[in-house]
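The structure appears right after this line, and notes come after that.
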Amino acid sequence: MTGQKIDGIAVATSVKERVRAAVKELQNAGITPCLATVLVGDDAASATYVKNKQKACADIGIATKDHKLPVTFSQKEMNSLIDLLNKDDTVHGILVQLPLPSQLDEFATTSRISPLKDVDGLTPYNIGLLTSARAILKPCTPSGIMELFEYYKIDLEGKNAVIINRSNLVGKPLYNLMLEKNSTVTTCHSRTRNLKEHCQIADIIITAIGDRKKFLLTEDMVKDGVVVIDVGTARLEGKLVGDVDYENIIKKASYVTPVPGGVGPMTIAMLLKNTVTAASISKEFVQHN
Ligand SMILES: NC(=O)c1ccc[n+]([C@@H]2O[C@H](COP(=O)([O-])OP(=O)(O)OC[C@H]3O[C@@H](n4cnc5c(N)ncnc54)[C@H](OP(=O)(O)O)[C@@H]3O)[C@@H](O)[C@H]2O)c1
């Protein structure tokens, strides 16, 4: 059997069309959704990520406010900037590009963002709501993966899902979202013993390591009909690659995401969706006060 490629670009386009319509509705009500981006330092990859997010916003009518800060930016300065953005009624979403230089505390920084403007879903408040199945603003990559499952009608109920990642950005929120859909979820990481055996009994595998020297998911590690979501991104001989031996796995799987063109476009689409959701929340707030 040959499986189906999950086309993240197509699904992201359909999400963006819905978001574009919501932007128009907000504009008609006098609100232009606006995302503030915060980039510290001159890491080229981070700068490209922020530029791509800003471009995606511009494409569908979301305004952006760009904050490029020197690598020496202090925690005190960061706190003041976040406070200012929290108070700014024209800003609906705040995105602090991670990782931050070592003098800045990522947890202290993301925690300071107003939960109502937390478009990355990383504040303790929104994480708490997520674990209680009540979150509105959810982390972009995990919610993008859930959107892929929904679009391709991949039923999660009762399935054995293995997530190879336990970060706050990917593995932990995805665990909660899949559990909510009644999957039996196992989280694996660098200290997991017998990773191959966990993978071999999985109906669904989500891998997010991003280092081919450490890990590559190969066909002998999966069962027939498996669904594979590849979140990992790394550079190999100048090419963008994931954690999965795509060409061989797709011969055995039912669905596989490619890299590029799988999860990546979904992450950006969900950021746009969260920004518009945050703008809608602010509209409700204005109407009720
Ligand atoms: N496409 C997208 O939109 C998107 C979005 C987010 C992230 N990503 C990519 O996803 C990857 C992970 O991102 P992240 O921020 O979650 O990074 P991270 O915090 O470094 O997480 C990497 C995870 O991989 C685990 N790991 C490392 N080596 C392993 C091994 N040999 N066996 C099993 N597990 C192992 C780590 O385990 P420990 O916890 O034990 O260290 C950790 O949980 C990166 O490549 C990143 O670029 C892509």
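The values are calculated or read from the model by the stated rules, or taken from the named source; none is laboratory data. Owing to the predicted nature of the structure, the values given are computational and were not obtained by experimental measurement. Cβ placement follows ideal geometry from the backbone for every residue including glycine, while neighbour counts extend to all protein chains displayed.
Listing for the model above:
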quantity	calculated
Yes/no for GLY30 being on the phi > 0 side of the Ramachandran plot, away from the ligand (no atom under 16 Å from the Cβ) and either assigned to a helix (DSSP H, G or I) or out of contact with any helix residue (DSSP H, G or I) (no Cβ under 7 Å at 6 or more places or on another chain) (or both)	yes
Among (1) in a helix (DSSP H, G or I); (2) touching a strand residue (DSSP E or B) at 6+ places or on another chain (Cβ under 9 Å), the one test that VAL38 misses	(1)
ALA161 buried (at least 20 other Cβ atoms within 10 Å of the Cβ), free of Cβ contacts under 8 Å to residues at least 24 places away in the same chain and either in contact with a Cys (Cβ under 8 Å, 6 or more places away or on another chain) or among the small types (Gly, Ala, Ser) (or both)	no
Every pair of residues 6+ apart whose Cβ atoms lie under 6 Å, when the first sits in the range 214-236 and is under 23 Å from MET146 (Cα atoms) while the second is more than 16 Å from the ligand (Cβ to nearest atom) and among the small types (Gly, Ala, Ser)	GLY225/SER254; VAL226/ALA253; VAL227/SER254; VAL228/ALA253
Set ILE163, ILE209: member being touching a helix residue (DSSP H, G or I) at 6+ places or on another chain (Cβ under 6 Å), at pLDDT 95 or above and either of a type in the set (A, V, I, L, M) or outside any loop (DSSP other than H, G, I, E, B) (or both)	ILE163
Checking SER190 against (1) touching a strand residue (DSSP E or B) at 6+ places or on another chain (Cβ under 6 Å); (2) near the ligand (Cβ under 10 Å from one of its atoms); (3) among the small types (Gly, Ala, Ser), the condition it does not meet	(1)
Number of positions in the range 212-230 that are part of a strand (DSSP E or B) and out of contact with any helix residue (DSSP H, G or I) (no Cβ under 9 Å at 6 or more places or on another chain)	0
Test: residue in the range 52-61 that is in contact with a Lys or Arg (Cβ under 8 Å, 6 or more places away or on another chain), part of a helix (DSSP H, G or I) and within 29 Å of ILE229 (Cα to Cα)	yes
Residue pairs meeting the criteria (Cβ under 7 Å; at least 6 apart or on separate chains; first within 23 Å of LEU271 (Cβ to Cβ), in the range 71-94; second modelled with pLDDT under 95 and outside any loop (DSSP other than H, G, I, E, B))	HIS92/SER282
Matching residues in the range 188-214 - criterion: being under 19 Å from VAL263 (Cα atoms) and surrounded by 14 or more Cβ atoms within 10 Å (Cβ to Cβ)	ASP203, ILE204, ILE205, ILE206, THR207, ALA208, ILE209, GLY210, ARG212
Positions within the range 231-280 being buried (at least 16 other Cβ atoms within 10 Å of the Cβ), away from the ligand (no atom under 15 Å from the Cβ) and part of a helix (DSSP H, G or I), in sequence order	ILE249, THR275, VAL276, THR277, ALA278, ALA279, SER280
Test: residue in the range 139-149 that is farther than 20 Å from TYR255 by Cβ and either more than 12 Å from the ligand (Cβ to nearest atom) or crowded, with 16+ Cβ neighbours inside 10 Å (or both)	yes
Residue in the range 91-100 that is in contact with a Phe, Trp or Tyr (Cβ under 8 Å, 6 or more places away or on another chain), modelled with pLDDT of 95 or more and outside the structural domain of ASN194 (by TED's automatic domain parsing) present	yes
